[in-house]
Amino acid sequence: QVQLGESGGGLVQAGDSLRLSCAASGRTFTSYAMAWFRQAPGKEREFVAAISSSGGGTRYSDSVKGRFTISRDNAKNTVYLQMNSLKPEDTAVYYCAARWSGVVAYTGGYNYWGQGTQVTVSS
């Protein structure tokens, strides 16, 4: 089992950058694929990015491709989401998620979730 805790959210202006972190507990972090999802008010939770257990494979939603970068530091049990060129439509609560096995891009594929961190982008 793994517990997840996000940090790094905040209020920024359009065009700014922000880096989210997700710290994971447990000794088997390197066995988990990790992902970031987000949920805006009144909308369903949507996939943002994912990274394989080794870090060798990544996947992004079309809406963030080229602007966001997911990475992980297995020595620190941490996954990151570097967000550049932020837009007001990126405003949402961002959630970290983990699953045992490979990368998938749907919420039901992930077994463990953090509490989320708010990102607000003003125009």
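The values are calculated or read from the model by the stated rules, or taken from the named source; none is laboratory data. All of these numbers come straight from a predicted model, not from anything done at the bench. For neighbour counting, all protein chains shown are included, and Cβ atoms are generated from backbone atoms with ideal geometry for every residue, glycine included. Please note that ligands, DNA and RNA were not included when accessible areas were found on the heavy atoms of the full protein model with its side chains. Shrake-Rupley method; radii C 1.70, N 1.55, O 1.52, S 1.80 Å.
Note on the chain: GNM, Cα springs under 10 Å; of 75, 98, 14, the largest mean-square fluctuation is that of 75.
What's the Cα-based Rg to Rh of the chain, Rh via Kirkwood? Here the Rg-to-Rh quotient is 0.94. Any idea what the relative contact order of the chain is, in percent, if you count C-alpha pairs under 8 Å spaced at least 6 apart? Normalised by residue count, the contact order of the chain is 36 percent. Extending 7 Å from Cα along the Cβ direction at residue 14 and again at residue 61 yields two label points whose distance is 1.9 nm. Averaging Cα coordinates gives a centre for segment 93-123 and one for segment 1-39; these two points are 8 Å apart.
Where does the charge balance sit around residue 95 when Lys and Arg score +1, Asp and Glu -1, over other residues with C-beta under 9 Å from its C-beta? Present the calculation step by step, with values, prior to reporting the outcome.
Values: positive: 38, 45; negative: 6.
Charge balance near residue 95 sits at +1.
Summing Cβ point charges (Lys, Arg +1; Asp, Glu -1) relative to the Cα centre of segment 1-53 gives a dipole of roughly 120 debye. Note on residue 58: accessible area is roughly 70 Å² with a 1.4 Å probe, heavy atoms of protein only. Quick one: if the Förster radius is 22 Å, what FRET efficiency do residue 101 and residue 43 give, using the C-beta to C-beta distance and rounding to 0.05? That pair, residue 101 with residue 43, gives E of 0.20.
Each Lys and Arg adds +1 at its Cβ and each Asp and Glu adds -1 at its Cβ; summed about the Cα centre, the chain shows a dipole of about 260 debye. Each label point was placed 7 Å from the Cα along the Cα-to-Cβ direction; for residue 1 and residue 115 their separation is 1.7 nm. Listed by chain and number, the lysines whose alpha-carbon sits under 21 Å from that of residue 65, ignoring those within fewer than 8 places in the same chain, are 43, 87.
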